[in-house]
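Before any comments, here is the structure.
Every number here is computed from the coordinates shown, using simple stated rules; none is lab data. Quantities reported herein were computed from a predicted structural model and do not represent experimental measurements. As a convention, Cβ positions derive from the backbone with ideal geometry for all residues, glycine included, and neighbour counts pool all protein chains shown.
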Amino acid sequence: MPSADELNGLILRIARDRDRQAYGRLYRHFAPRVTAFLRKSGLAPNVAEELTQETMLSIWRKASYFDPARAGASTWIFTIARNLRIDHFRRSRVVEVTESEMPEESDPAPSGESMLLTSEREARVRTAMTALSDEQATVLRLSFFSEKAHSEIASELGIPLGTVKSRVRLALGRLRALLEGET
Amino acid sequence: MTSRHHATDETLMRLAAGQLPAGPALVVATHLATCPVCRARLAAFEAVGGALLEEIEPEAMPPGAFAAAMHAIDEEERAPAAPSLPARSRPSAGRGRAPSTLPGGIVLPAPLKECEIGPWRWIGIGVRASAVTLPHDPSARVTLLRVGPNRKLPEHGHFGTEFTQVLVGSFSDEFGRYMPGDLSEMDQDVEHQPIVDPDGECICLAALEGGMRLTGFFGRLIQPFVRL
Ligand SMILES: [Zn+2]
Ligand SMILES: [Zn+2]
């Protein structure tokens with residue numbers, strides 16, 4: 001499995017050289033994952049495949065906007081797929097207004113927290129996620145990837161709604177504590 | 001401006017996951033525009049998405065998908081589509097008229113610039129409201145509220161989470177004082193009674209999650225704008 005740096009490097013090669021080989025490797029790594037994500041989020045297999053192809057084509061088109069100092073390859077591709085999924089549901093594009101598109105003038109001096117290097121932040125996120133209990137990881141995954149309401153997750157797992165809510169809250173709180181270094 | 005009231009972890013996670021409805025997402029985006037703290041937290045939750053994408057069990061693409069993708073980029077190179085610019089720099093089709101009077105010369109926050117913003121309407125003593133229409137989701141209900149100094153709003157509960165971003169002035173309720181840049185998130189179980197502070201009127205951007213349940217104070221406020 002390619003490392004985070006290798007994946008970043010593939011996108012940078014596409015941006016710089018329109019490198020088809022790099023694109024091919026990126027496709028083989030990400031297309032099956034993006035499809036899996038879209039299917040888990042409730043899309044029919046054919047729609048998921050279609051949006052995956054769109055996501056991959058967007059990567060080719062937008063490679064020059066990729067900035068590894070802002071988000072790593074997986075995170076960047078996740079947000080592209082997420083936005084296409086939102087568009088698909090004809091919701092709003094406002095969700096796209098995240099850090100990467102913030103106008104500079106509305107951007108006061110970054111806090112210490114936001115200066116945390118991206119690669120370090122992403123590595124910490126991964127470490128933090130492995131430190132969650134199985135129960136917490138399960139509700140986090142379900143509530144992150146699926147459109148399901150907490151009540152549906154509760155009946156799927158056969159636990160009370162209050163328990164789902166408190167597990168989500170605990171998981172997020174734990175994640176945050178780990179990210180802020182209070183391990 | 002430094003915010004003191006921020007988006008909750010759960011809200012930022014839903015935004016990162018693409019699951020926050022358009023109305024609340026617009027209000028939270030307005031908060032993010034001036035809050036580097038929440039932008040950093042959102043980036044961390046988006047990284048959770050990236051990490052989950054890495055650990056997900058991959059699903060095989062159908063045969064021919066890879067060839068089709070390579071073909072698509074060949075086509076792309078032969079006849080490049082209009083360069084794909086970030087959404088923000090694209091000319092907007094539905095650029096709204098600014099509300100006739102935004103007192104205090106307030107500049108519309110960037111996330112609102114693509115929205116159509118209706119005229120101020122009187123909806124109660126000392127309370128005016130303007131409907132905000134989102135270009136990509138006309139069904140989303142977001143309201144600009146403009147409330148006079150010392151104006152006390154009736155105590156109310158909520159039928160879904162209520163998101164309120166202060167743009168100008170300030171208000172206080174049982175949970176604190178909300179200044180420009182602050183985001184108030186009120187759970188559906190919570191009751192509160194906002195009072196605009198005495199030093200001037202308060203303009204805020206509000207969205208209620210859950211849509212059509214029109215009871216409750218903000219429900220009634222929003223009612224005139226609901227296109228049923
Ligand atoms: Zn904040
Ligand atoms: Zn309220």
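General observations
- Placing a pseudo-label 7 Å from each Cα along the Cα-to-Cβ vector at A:R16 and A:K148 gives an inter-label distance of 4.4 nm.
- Note that the stretch B:109-184 carries a Kirkwood radius of 13.9 Å, evaluated over its alpha carbons pair by pair.
- Rough spin-label spacing in nm, given labels placed 7 Å along Cα→Cβ, for B:V127 and A:M1: 5.3 nm
- Sparse-neighbour loop sites [chymotrypsin sites (Phe, Trp or Tyr not before Pro); the stretch B:106-215; at most 14 other C-beta within 10 Å; DSSP]: B:F175
- Karplus-derived 3J(HN,Hα) values for the stretch B:49-54, using 6.51 cos²θ - 1.76 cosθ + 1.60 with θ = phi - 60°, are x, x, 5, 5, 5, 5 Hz; glycine and proline are entered as x.
- Virtual spin-label span in nm between B:N150 and A:R25, 7 Å along Cα→Cβ: 7.1 nm
- Modelled FRET efficiency - R0 56 Å, B:S172 with B:R78, Cβ distances, 0.05 increments: 0.35
- Computed over every Cα-Cα pair of the stretch A:112-179 and binned at 5 Å starting from 0, the pair-distance distribution P(r) comes out as 3, 17, 25, 20, 14, 11, 6, 3, 0 percent.
- Each principal axis of the stretch B:39-79 carries a Cα extent, and these read 40, 28, 8 Å when sorted largest first.
- Positive dipole terminus of the stretch A:4-102, leading residue within A:Y27, A:A4, A:G42 (C-beta point charges): A:G42
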